[in-house]
Structure formats: C-alpha cells, structure tokens
C-alpha cells in the first residue's frame, strides 16, 4: 500500500506536467531557501509540510527522491531534491541491483586470478565478506533477519533515560539513533556501533522537544539509510 501511494503521487506529478522547472511552473511562491534545486529537512517536517513551504507538489518531491517513500523516511538535516534529475529518475533499487551484480562479478574475477573459490576468498577476507553481506541485505538478497528495535521502558517524560536495543543489523558498523513524531522527520540523538553479530544497545534520553501526551518513534540508521523503526513511545508528563 505504501509503495502504491508513493507511485500514485509521483504519477500525478508527472501527468500534470508539474516537474518542469522555471517559467510559470511551481516554485515561484516558495519561501526563501526553497527557490533552488534542494531543501533541507527541518524538525517536525513531513512531505506535505515541505511541499506547502516550498510551493511544490508532494508527488514531485517523491519523484525526485527515489530513496524516500514517506515522511517517516525523512531525517532532520537531510537534503531533498525539489526537481528530478536524470540520476534521481533511476530507481534506487535498480542502481543497487546493478552495483550488486558488478560487485559479484568483480569478486569472482579476483578469486579466479588467485586460483581460489569465492567462498575461500571471502573466508580469508572477513572485512570484504561483511561489506558484501551488508550490500546483500540492502538489496534484499540475503537471509539476514529483519532489523528490529525494542525500547525499555515504553513510555516516559522528556529527559528520561531509555534503553534502545536492536537486532538484525549489519555487523560492526556505525549507526545513528534518531527520534521523531510519527509521520515526521526524525532527528539524530545518539551514535553507536553494532556488534559483529549485528546487535546494538544504546542508552538515550527522551528529547526535550517532545510534547507530553504525544508519542515518538525511535529509528536506527546506517550510512546506507533507515534500517529499523520502533513502536510508538508514549511521552508522559
């Protein structure tokens, strides 16, 4: 349903001819900072808020940023394109699949050149194996468990200490712990590193900008993007 909604919005943008830039096209009434080709995500932003602030259709933003499927994928400080380029028009999945195939071919050629099997080569080079495993997880070709987050406790006031635990992540990589309101951009609140087996535990503080009676989500991101999102954490007084 999520992908269908995204494709529908993008298709509306293309069909109406609103991806053109300049002239009488969208963007003339945009606020300062939105007149160029990009915009920086702010705290509390959603796709609809950015679309309204920059006077561009939401479908156009989705079409220009293939890695974004919804407001929950946004991160404070992230740069979004406001117009589609030749590179942004190519789907992220297609680019990753192509890169993965080329990486697989390269490893096979190296193994042949040293008279070894691919399996033996990777066993002797654990760092290379870890990187390929991470790539495989990103493009969905490995049987690694789906990343998951648990938060203890599941409610508390601003300033309270909570423990974030995650499993199923790539092994031995830096991660960013984020927080944000549901369907809003998340903001980085802590840095950590996963274990060799892809687990992580971090002790964080509930941000002071949270509102009592509301809720937030915690996220885990690697350099390759969003990995997992928690259940709602209830903010108390």
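The values are calculated or read from the model by the stated rules, or taken from the named source; none is laboratory data. These numbers were taken from a predicted model, which means no experiment stands behind them. Backbone-built Cβ (ideal geometry, glycine too); neighbour counts: all protein chains shown.
All conditions in (1) farther than 22 Å from residue 178 by Cα; (2) modelled with pLDDT of 90 or more; (3) assigned to a loop (DSSP other than H, G, I, E, B) hold for residue 36, with the sole exception of (2). Residue pairs whose Cβ atoms lie under 7 Å apart, separated by 6 or more positions or on different chains, with the first residue in the stretch 43-56 and assigned by TED's automatic domain parsing to the domain that holds residue 78 and the second in a helix (DSSP H, G or I), are 46/71; 47/58; 47/61; 47/71; 48/58; 50/61; 51/58; 51/61.
Which one of 181, 166, 202, 190 is closer than 15 Å to residue 75 by Cβ and buried (at least 17 other Cβ atoms within 10 Å of the Cβ)? Only one candidate passes the filter, namely 181.
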